[in-house]
Amino acid sequence: MADYDELLNLSAEIGELLLQNGAEIYRVEESMERLFTAYGVESQVYCVPTTIIATIVTPEGENVTKGVRVRSRGTDFDKVMAVNDLCRRACRDTPAFSKIREELARIRQRRRYSLPVTCLGWALVASSFTLIFGGNFADAACAFLPAMVVCLAQYGLGRLEANQFFSLMVESFLIGVFAILSVRLGLAQNSDKIIIGTLMILVPGLALTNCIRDILAGDLMSGVAKIAEVFLIGVFIALGAAIAVYGAGLLPV
C-alpha cells in the first residue's frame with residue numbers, strides 16, 4: 001500500500017509543479033494519468049487552475065484519493081519542459097520512485113533569470129511595444145524606467161505575497177505616473193504611447209491562450225475560470241492606469 005501512496009504523491013507533485021509554472025489543464029491531467037498507467041494503476045484525475053484531485057484504484061480494488069491545493073501560479077516554461085521530459089522517461093522506463101523524487105527536487109531548484117536580467121528584458125519589451133504603437137525613440141527610451149520599476153515592484157510585492165489583482169493595479173498605476181512625468185519633464189512627447197507600450201508586459205497573453213486551449217480540449221470549467229481571471233486582470237490593469245491619468249488631470253501643469 002505504501003508504494004501506491006508514494007506513486008500518488010509523486011504524481012500529485014508532478015501535476016502541481018506543472019500547474020504552478022503555466023502548463024495547460026489537459027497537460028497536467030494527461031501527464032498524471034500516463035504515469036499511473038505506466039505503473040499499472042487505473043486512475044481518474046480532475047484538475048482546475050487551483051486544485052488537483054487524483055484517485056487511483058489498486059489491484060485489490062481499493063480507492064485511494066489525494067487532493068492538492070495550488071495557491072501560487074506563474075510562468076516558467078523551462079520547468080514545464082523539464083517536468084514533461086521527466087514524465088516521459090518515467091513512463092518509458094518506470095524507474096524507482098526515489099529516482100523520480102530526486103529529479104523533481106532538482107527541477108524545483110532550477111535557477112530562473114536573475115532580477116537585473118529580468119528587469120532589462122521587461123525594459124526592452126516595453127520600449128519595443130512603445131515603438132510598435134506609434135511612439136518615437138524618446139518615448140521608447142522613457143519606457144525603460146517604468147518597466148524596470150514595475151519589475152522591481154512585482155518582485156517586492158511577490159515577496160510580500162500581496163494579492164495578484166492589487167499588485168497589478170499598483171504596477172499599472174506606477175506605469176501611468178512615470179509616463180506622465182516623462183512628458184511633463186520634457187523627456188518624451190506621447191504619454192499614451194508609453195503607457196500602452198509598457199502595459200503590454202502585464203497583459204495576460206499566456207493565460208488567455210491557455211483558457212482557449214482548455215475550452216477547445218473540453219475542460220470547460222477550467223476555461224471559464226481562466227477567462228474570469230483574465231477579465232479581472234484586465235480590469236485592474238486598466239483601473240491602475242486610469243487612476244494615474246485621472247489624478248494627473250487634476251494637478252496643475
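When residues in segment 208-228 are screened for being under 26 Å from Gly121 (Cβ atoms) and buried (at least 18 other Cβ atoms within 10 Å of the Cβ), 3 of them pass.
Checking the structure you have, find out if any residue of segment 162-169 is loosely packed, with under 14 Cβ neighbours inside 10 Å and either touching a residue at least 60 places away in the same chain (Cβ under 8 Å) or touching a helix residue (DSSP H, G or I) at 6+ places or on another chain (Cβ under 6 Å) (or both).
Step one: of segment 162-169, the residues loosely packed, with under 14 Cβ neighbours inside 10 Å are 163, 166.
Narrowing the set further to residues that are either touching a residue at least 60 places away in the same chain (Cβ under 8 Å) or touching a helix residue (DSSP H, G or I) at 6+ places or on another chain (Cβ under 6 Å) (or both) leaves 166.
Within segment 162-169, one or more residues are loosely packed, with under 14 Cβ neighbours inside 10 Å and either touching a residue at least 60 places away in the same chain (Cβ under 8 Å) or touching a helix residue (DSSP H, G or I) at 6+ places or on another chain (Cβ under 6 Å) (or both).
Output the residues belonging to segment 1-35 that are under 18 Å from Arg89 (Cα atoms), among the aliphatic types (A, V, I, L, M) and either in a strand (DSSP E or B) or free of Cβ contacts under 8 Å to residues at least 40 places away in the same chain (or both). Selection gives Val28, Met32.
Against the criterion of being farther than 21 Å from Gly223 by Cβ, open to solvent by 50 Å² or more (accessible area, probe 1.4 Å) and among the acidic types (Asp, Glu), Glu30 does not qualify. Listed by first and then second residue, the pairs with beta-carbon distance under 8 Å, at least 6 apart or on different chains, first residue in segment 143-159 and closer than 16 Å to Phe129 by Cβ, second among the hydrophobic types (A, V, I, L, M, F, W, C) and open to solvent by 70 Å² or more (accessible area, probe 1.4 Å), are Met148/Leu120.
Just to check your reading of the model, which residue among Arg71, Arg106 is in a helix (DSSP H, G or I), among the charged types (D, E, K, R), under 30 Å from Cys151 (Cα atoms) and open to solvent by 60 Å² or more (accessible area, probe 1.4 Å)? So that I can check it myself, show each step before the final result.
Working: Arg71 fails: in a helix (DSSP H, G or I).
None of the other options fit; the residue is Arg106.
If you go through segment 36-60, how many residues are part of a loop (DSSP other than H, G, I, E, B) and modelled with pLDDT of 90 or more? Lay out the reasoning, then the answer.
The first filter runs over segment 36-60 and keeps only residues part of a loop (DSSP other than H, G, I, E, B), leaving 39-41, 49-50, 58-60.
Adding the requirement that they be modelled with pLDDT of 90 or more leaves none.
The qualifying residues number 0.
Of the residues Gly134, Gly121, which is more than 18 Å from Ser31 (Cβ to Cβ), open to solvent by less than 90 Å² (accessible area, probe 1.4 Å), outside any helix (DSSP H, G or I) and free of Cβ contacts under 8 Å to residues at least 60 places away in the same chain?
Numbers: Gly121 fails: outside any helix (DSSP H, G or I).
Only one candidate qualifies: Gly134.
May I ask you to list the residues in segment 41-65 that are closer than 15 Å to Ser31 by Cβ, open to solvent by less than 70 Å² (accessible area, probe 1.4 Å) and of a type outside the set (S, T, N, Q)? Those that are closer than 15 Å to Ser31 by Cβ, open to solvent by less than 70 Å² (accessible area, probe 1.4 Å) and of a type outside the set (S, T, N, Q): Val41, Val45, Cys47, Ile52, Ala54, Ile56.
The values are calculated or read from the model by the stated rules, or taken from the named source; none is laboratory data. Quantities reported herein were computed from a predicted structural model and do not represent experimental measurements. Note: ideal-geometry Cβ built from the backbone for every residue, glycine included; neighbour counts use all protein chains shown. These accessible areas exclude ligands, DNA and RNA; they are computed on the full protein's heavy atoms, side chains included. Shrake-Rupley method; radii C 1.70, N 1.55, O 1.52, S 1.80 Å.
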